[in-house]
1. Is it true that some residue in region 87-103 is open to solvent by 90 Å² or more (accessible area, probe 1.4 Å) and outside any helix (DSSP H, G or I)?
2. Report, ordered by the first and then the second residue, all pairs with beta carbons closer than 7 Å, sequence separation of six or more or different chains, a first member in region 32-53 that is under 14 Å from residue 68 (Cβ atoms) and touching a residue at least 60 places away in the same chain (Cβ under 8 Å), and a second member that is outside any helix (DSSP H, G or I) and open to solvent by 50 Å² or more (accessible area, probe 1.4 Å).
3. Do we find that residue 145 is surrounded by 15 or more Cβ atoms within 10 Å (Cβ to Cβ) and farther than 25 Å from residue 30 by Cβ in this structure?
4. Between a residue in region 115-139 that is touching a residue at least 24 places away in the same chain (Cβ under 8 Å) and any residue that is open to solvent by 60 Å² or more (accessible area, probe 1.4 Å), which pairs come within a Cβ distance under 6 Å, given they are 6 or more apart or on different chains?
5. Could you grab me the full set of residues in region 104-124 that are closer than 11 Å to residue 58 by Cβ and assigned to a helix (DSSP H, G or I)?
Amino acid sequence: GLTIGFGGRKLFGWFGGGGRERTAENFESFGYRDGRAMATLAGATEITAGVGLVTGTATPLAAAALIGEMVNAAAVHRREGLWAENGGYEYPLVLATAAACLAWDGPGPLSVDRALGRERTGPAWGLGAVALGVTAGTAVWRLLRDEKH
């Protein structure tokens, strides 16, 4: 559910966030060419993935989306090292791991996926979500940033 808030902070300034304009400036400072497009993509991905994971809707795909987003977040913070108190990538790693676990174990009995008979669980779904998320996140990182950063 926190990822919904993260996305809302980026897009709409919810919970004291920067909104799209300040978030766009941040993305540009991280080396992304079009900060506004990245702010929109990141915010929309976080809201959509968060809703999917909270409701258990298309769980492996929602998990992959969050993993891809966290690949970028971790990459941005890689120079600060692992630990969050130093500005590192610890928290994105924790969120990506939690998303992978949800894809592997499934959304549970009160999920939309279960209610529709479309719950997908197990190692193949978990590893598939990781593979898709890492691939998509890496593609965004490589394609939408200036090489000089």
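The values are calculated or read from the model by the stated rules, or taken from the named source; none is laboratory data. Predicted model only: the values in this text are computed from it and were never measured. Note: ideal-geometry Cβ built from the backbone for every residue, glycine included; neighbour counts use all protein chains shown. Ligands, DNA and RNA are stripped out before the accessible areas are found, and what is left, the full protein with its side chains, is counted by its heavy atoms. Shrake-Rupley method; radii C 1.70, N 1.55, O 1.52, S 1.80 Å.
1. Among the residues of region 87-103, not one is open to solvent by 90 Å² or more (accessible area, probe 1.4 Å) and outside any helix (DSSP H, G or I), which makes the answer no.
2. 38/144
3. Criteria not met by residue 145.
4. Pairs that qualify, where the first residue is touching a residue at least 24 places away in the same chain (Cβ under 8 Å) and the partner is open to solvent by 60 Å² or more (accessible area, probe 1.4 Å), are 126/104.
5. Of everything in region 104-124, those that are closer than 11 Å to residue 58 by Cβ and assigned to a helix (DSSP H, G or I) turn out to be 112, 113.
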